[in-house]
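One structure below.
Values in this text are rule-based calculations from the coordinates and carry no lab data. Given the structure is predicted, the values throughout are model-derived calculations rather than measurements. So basically every Cβ, Gly included, is an ideal-geometry build from the backbone, and we count neighbours across all protein chains shown.
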Amino acid sequence: MFKFPSEITISQVDNCKSQLLDFIAEHDEIDFDDSQITRVDTVGVQLILSSIHYITAQNKSLIWRCKSAILNQCIKQLGINDPILNQYFNE
C-alpha cells in the first residue's frame, strides 16, 4: 500500500513522485491510502492525477483505500472534472 505523506505541496512533490514511481514499478495492484494528508496544493493534485493516468496506462489496477476530505475539497475547489479521478472521488 502506498501511503501519501501528510503534505503534498510543491516543496515535497519531487520526493513523493520518486517514491510513487518506484512503488508503481514494483506492483501490479496499486493501493492508495491518503488518510494522512493534511495539506495539498495544486501541484500535489496534479501529481495524484498524473499518477492515476500513469497507472491506467500501465494496465495496472488502482484501489483507493481512503478518501481524504482535504484532497476531495481541493479537487472541488480547483474545479477538476477528470473522468478517471472522478471515479474515485464522486459520490
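Looking only at residues in the range 39-81 that are charged (D, E, K, R), outside any strand (DSSP E or B) and without any contact (Cβ under 8 Å) to a residue 60 or more places away in the chain, which one is surrounded by the most Cβ atoms within 10 Å (Cβ to Cβ)? Step through it out loud before you land on a result.
Start the filter on the range 39-81 by keeping residues that are charged (D, E, K, R), which leaves 39, 41, 60, 65, 67, 76.
Next cut, outside any strand (DSSP E or B) only: 41, 60, 65, 67, 76.
Right, trim to without any contact (Cβ under 8 Å) to a residue 60 or more places away in the chain and you get 41, 60, 67, 76.
Details: Asp41: 17, Lys60: 14, Lys67: 13, Lys76: 11.
Looking at residues that are charged (D, E, K, R), outside any strand (DSSP E or B) and without any contact (Cβ under 8 Å) to a residue 60 or more places away in the chain, I get Asp41.
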Residue hits (the range 1-16; assigned to a loop (DSSP other than H, G, I, E, B), closer than 15 Å to Leu71 by Cα and not β-branched (Val, Ile, Thr)) are Phe4, Pro5, Ser6
